[in-house]
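Read the structure below first, then the notes.
The values are calculated or read from the model by the stated rules, or taken from the named source; none is laboratory data. As the structure is a computational prediction, the values presented were derived from the model and not from experiment. Cβ placement follows ideal geometry from the backbone for every residue including glycine, while neighbour counts extend to all protein chains displayed. Accessible surface areas use protein heavy atoms only, side chains included; no ligands, DNA or RNA. Shrake-Rupley method; radii C 1.70, N 1.55, O 1.52, S 1.80 Å.
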Amino acid sequence: MRLTKISAMAFAALIAGAGVATADESAELSIEGKTIPTRAEAPAYLENIDEVISGWVYRSDETQTLQADDFDNPAFVFVDTGADLFAEADGSAGKSCKDCHENVEDFAGLTTTLPRVNEAGELETLTDLVNECRTERMGAEPWKYSGTQMTAVTALIGLQSRGMPVNVAVDGPAAPFWEKGKELYYTRVGQLDLACANCHEDNYGNMIRADRLSQGQINGFPTYRLKNAKLNSVHGRFKGCMTNVRATPYKEGSDEFEALELYVASRGNGLAIETPSVRN
Amino acid sequence: MNLTRRNAMALGAAAAATIVALPAGAATFEEAVMSVTGGKEAAEGGDLVLTAPEIAENGNTVPVAIDAPGAVAVTFLAIGNPNPAVATFKFGPLAGSREASTRIRLATTQDVVAVAEMEDGSFQTAKQTVKVTIGGCGG
Amino acid sequence: MAKGVKPRVKVPKSASAGDSITIKTLISHKMESGQRKDSDGKIIPRSIINRFTCDFNGENVIDVTIEPAVSTNPYFQFDAKVPEAGEFKFTWYDDDGSVYEDTKAITVE
């Protein structure tokens, strides 16, 4: 009975606070009893903002609450699927991810550093790494960039870094990619003639129709969106934004989106990984 | 007809008027409740508590909950949806309470209704208006 | 059987005899409402989970009739009495005739 009352009260409390469309910006994110910081001091190279803020802060109380419990968070049914896929042999080598990576927990910290430049001098994302394993070591077909299998496995791997601060490299071999991503971020595109920065740097926190603009941080990806009730990839989200401003989107996995992913990830350096987050 | 902008607008207005004139898919509160009670009256303001957000960030996933002391079954209705029925919870002998929650779809801003069938065969009802917002740029 | 359907259930591992516990369930399912049209303008046929039940040692806890207005990946939370140690059985019924089941054992302290 005690459990029942508590959950009923929690529910009533979250509803009571929902009288306005704007969220409680001072709310603290605690997942399964562990506090996850949703704000951090902006890295020095961000000239126009002082603080980097998780998109969780701008969501309604109900959406915020969904992310606070790993059962209530619908993304976890896909994380479970990801764990099954991780252990499932595929391809001519007859191997699964697990045959080489025995404990998925060993990936803790990996996504804080992605995208990164590999030894061959190429920029690589988590999706690239997964598909490289599939094609090079498993003899399997690559997964579709934002398909259900890929987002399930990248969510599983990303979850291992939850709570750890984003820390992508922006200098050294990453510098040219980062510069390219930065240029894309500030370039106006499409019929609406908008750059990423116009909404997500100049206007975060403001309303866009009945919705609130966030900083467009990607520390929670893949993210479960209420809109389409599935996990969404970073590149899928970029594509959505470009379509909305009536631009022709780049392709998922393109050099442009990978560079933009690095730059946008770097705009969240210091923020905690929230994968898999819940957004509207 | 020469389709000028003015004509196109007039056509649009006529089309809109047609839609309004038709009996909308949405049921009235009374009709919706009666469909559950089989024509019996349902009392408002009893012990039945319906919890739903005042504003839903996305109509696809709206959390709703009921607490219906003494109920044998509770039906959720969304009377502004094309089909108002949402779900019916029947409590079995091992139900630990008369509370339940789920997540529902709301096509538009509307009243969400709960109808509880009580142990004595009477009915109670409660409703709550939920505003469904349209996302930013739709992306 | 619809593709990629996966149930999740949260039940405490133990309880005191006679206690009431909270159960949460979720199943991944598209819940195609039958209201949507595809790109050719044809109605996409309805395909939903239309019923969910929870039983404990063969006795019913809750029986839910589900319409298309329940969200994708249907979620239910409710309470159950635990008179003795035993097994919860969860059953989801799909429009296509598939039945998905999950069980969870609980001990009594």
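Observations on the model:
- Per residue of chain A, the DSSP helices (runs of n ≥ 4 H) give a summed -39500 (n - 2.57) that works out to -10000 deg cm²/dmol at 222 nm.
- Shown in residue order for the stretch A:175-185 are the 3J(HN,Hα) couplings computed by the Karplus curve 6.51 cos²θ - 1.76 cosθ + 1.60 at θ = phi - 60°: 3, x, 5, 5, 4, 5, x, 4, 4, 4, 4 Hz (x for Gly and Pro).
- If you look at the Cα atoms of the stretch C:1-57, you get an Rg and a Dmax of 17.3, 57 Å.
- Residues of the stretch C:75-109 with amide N under 16 Å of the 7 Å Cα→Cβ point at C:S16: C:81-85, C:107-109
- Over 18 Å [Cα-Cα, the stretch A:190-280], rounded percent: 47 percent
- Close amide H contacts of C:Y75 (hydrogens built in the peptide plane, cut-off under 5 Å, sequence separation of 5 or more or a different chain): B:R103.
- Long-range Cα-Cα pairs in the stretch A:227-273 (distance over 14 Å), rounded percent: 57 percent
- Sites A:S92 and C:K6, calculated FRET efficiency, Cβ-Cβ separation with R0 25 Å, nearest 0.05: 0.35
- For chain C, the Rg and Dmax computed from alpha carbons only, in angstrom: 16.1, 59
- Interface of B with C. Using a 1.4 Å probe and counting protein heavy atoms only, the two chains hide about 2200 Å² of accessible surface, both sides summed.
- Globularity ratio of the protein assembly as shown, using Cα Rg and 2.2 N^0.38 Å: 1.04
- Springs between Cα atoms under 10 Å define the GNM used for chain A, and in it the highest mean-square fluctuation of A:Q64, A:Q215, A:Q191 occurs at A:Q191.
- Cβ-Cβ FRET estimate between A:S254 and A:N228, R0 fixed at 25 Å, reported to 0.05: 0.70
- Trypsin sites (Lys or Arg not before Pro) lying in DSSP loop within the stretch C:1-84, provided at most 15 other Cβ fall within 10 Å: C:K3, C:K13, C:R36, C:K42, C:R46
- Fully extended contour minus Cα-Cα distance, from A:E122 to A:C100, at 0.36 nm per residue: 5.6 nm
- The stretch A:51-280 - percent relative contact order, Cα under 8 Å, separation 6 or more: 29 percent
- Across every direction, the projection of the convex hull enclosing the Cα atoms of chain A has a mean area of 15.5 nm².
- Of the cross-linked pairs A:K34/B:K90; A:K227/C:K37; A:K98/A:K182; B:K127/C:K13, those separated by over 26 Å at the C-alpha level are A:K34/B:K90; A:K98/A:K182; B:K127/C:K13.
- Placing R0 at 56 angstrom, the Cβ-Cβ distance between A:A44 and B:D120 gives a FRET efficiency of 0.20 after rounding to 0.05.
- Rounded Å value of the spacing that divides the Cα centres of the stretch A:146-174 and the stretch A:234-280: 12 Å
- Each 10 Å bin from zero up to the one holding the largest Cα-Cα distance in the stretch A:129-280 carries the following percent of pairs: 11, 37, 40, 11, 1.
- Sequence-separation-based contact order of the stretch B:25-132, relative, with Cα cut under 8 Å and 6+ spacing, percent: 35 percent
- Sulfur and carbon atoms: percent of accessible area, the stretch A:162-280 [1.4 Å]: 51 percent
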